[in-house]
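To start, the structure under review is shown below, and the notes come after it.
Bear in mind that the values in this text are calculations on the coordinates, not laboratory data. Being a predicted model, the structure only gives us computed values, none of them experimental. Note that each Cβ is placed from the backbone with ideal geometry, even for glycine, and that neighbours are counted across all protein chains shown.
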Amino acid sequence: MSPRLRHLTTLENLPRATIERLLDRAEALRDACAHGTRKLDVLTGRTVLNLFFEPSTRTRTSFELAARRLGADVINFDIGFSSTSKGEELLDTLHTLEAMHLDAIIVRHKHSGTPEELVHHAMSGVSVINAGDGNRAHPTQGLLDALTIRQHRPDFENLTVVISGDIRHSRVARSDIHALTTLGVKEIRLCGPASLMPEPDEFPHVLHIDDFDQAIGGADAVIMLRLQKERMASTDLPDEAAYFSRYGLDQRRLALAAKGCLVMHPGPINRGIEIASDVADGAQSRILEQVGNGVFVRMAVLNEVLAR
Ligand code: ASP
C-alpha cells in the first residue's frame with residue numbers, strides 16, 4: 001500500500017495507487033452522503049484554515065463544505081481583510097495563525113511553490129493542501145477531473161483527452177496532465193494558440209495540436225480552459241471574437257469528437273469566449289458534475305491528511 005499523505009501540494013510523481021485510493025475514497029464518501037449521512041464526525045475537534053491570497057469562489061466554498069461535512073471547524077482567512085495587505089510577511093502570517101492551533105492549512109497563492117514553502121516552515125503536525133499555486137498545480141482539481149472522467153469512462157487505456165485553451169497559465173492543465181498520465185490515459189492532446197502553450201519539453205509525452213478541429217477529432221473528453229488574463233501581460237491578450245472562432249467549443253466542433261464526448265471546464269466559464277452557452281449547458285456537459293465531485297474529492301483529501 002502506498003504511504004498515507006501528510007500534505008498534498010502536487011499530483012506530480014504521486015503513485016497511481018495513491019491517486020486511485022483518493023478517488024475510491026471520494027466515491028465512498030459520495031455514497032455515504034447519498035445515503036443520508038450528510039455529516040460525518042471523522043474530523044471532529046480538528047481545525048482547518050482556508051488561507052486564500054487569490055480570489056476564489058468555488059474552490060474555497062468546496063473546501064469549506066468538505067471540512068464541515070467531516071466535522072472539522074473552519075476558519076477563512078482572505079487577503080483582502082488580512083494584514084498581508086499591510087505588508088506582513090507570509091511566514092509571519094503563518095506563525096500567527098498556527099498559534100491558534102491549526103491542523104491543516106489550505107492555501108491558494110499567485111506564486112508557484114508557496115505550498116511547499118509552507119510545508120517547509122509549518123509546525124510539525126500541520127498539514128498543507130494546495131488549492132492552486134500560480135500556474136503550477138491545482139491537485140484537487142486534477143483529482144476531481146479524473147474522478148468525473150472515471151465515472152463515465154473507467155477505461156482510461158482507451159481514452160483520448162483534449163485540453164484546450166490557455167494552457168501556459170493553467171495550473172489545472174498541469175494537474176490534469178499529471179493525474180491522467182499516471183492513471184494511464186492513452187492519449188492527451190493540448191490545443192491552443194502558440195503563445196498560450198507550454199514549452200514543448202515540459203510535457204514531451206503529450207501531443208501539441210494547433211488546429212482545434214483536428215485536436216478534438218475522435219476525442220472522448222475535452223477540458224476547456226479560461227483565458228487567464230490576470231496572468232498575462234496586456235500585450236498578450238488575444239482578441240476574444242477571433243479566439244472563439246479558432247479555439248471556442250461550439251456544437252459544430254463538438255460533433256467532430258467521439259459520440260458522447262465529455263465536456264468539462266474547471267470554471268469560471270466565459271461563455272462565448274472559450275465555450276458556447278449551448279455547449280456549456282448541453283447534454284454532454286459535465287461541468288456541474290465536476291463541481292459536485294469537488295466536494296467529495298476534498299473530503300477524501302482532508303480525510304487522508306488528517307485522519308488519525
Ligand atoms: N478555477 C481554476 C483555477 O483556480 C481555473 C481558472 O481560474 O480558470 O485555476
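Here are a few things to note about the model shown:
- Residue list for segment 191-205, filter: more than 16 Å from the ligand (Cβ to nearest atom), closer than 21 Å to residue 246 by Cβ and under 19 Å from the mean Cα position of the chain (by Cα): 191, 197
- In segment 168-187, the residues that are without any contact (Cβ under 8 Å) to a residue 40 or more places away in the chain form Cβ pairs under 7 Å with partners that are among the acidic types (Asp, Glu) and surrounded by fewer than 24 Cβ atoms within 10 Å (Cβ to Cβ), at six or more places apart or across chains, as follows: 186/157.
- Applying the criterion of being of a type in the set (S, T, N, Q) and in contact (Cβ under 8 Å) with a residue 40 or more places away in the chain to the residues of segment 113-148, the residue that is nearest to the ligand (Cβ to nearest atom) is 141.
- Scanning segment 181-218 for residues that are over 18 Å from residue 170 (Cβ atoms) and hydrophobic (A, V, I, L, M, F, W, C) gives a single hit, 183.
- When we screen 257, 283 for residues that are away from the ligand (no atom under 16 Å from the Cβ) and within 14 Å of residue 162 (Cα to Cα), the only hit is 257.
- None of 226, 271 is within 16 Å of the ligand (Cβ to nearest atom) and closer than 20 Å to residue 175 by Cα except 226.
- On inspection, residue 260 fails the criterion of being out of contact with any strand residue (DSSP E or B) (no Cβ under 6 Å at 6 or more places or on another chain) and closer than 20 Å to residue 20 by Cβ.
- Number of the condition not met by residue 243 [criteria: (1) within 16 Å of the ligand (Cβ to nearest atom); (2) closer than 30 Å to residue 30 by Cβ]: (2)
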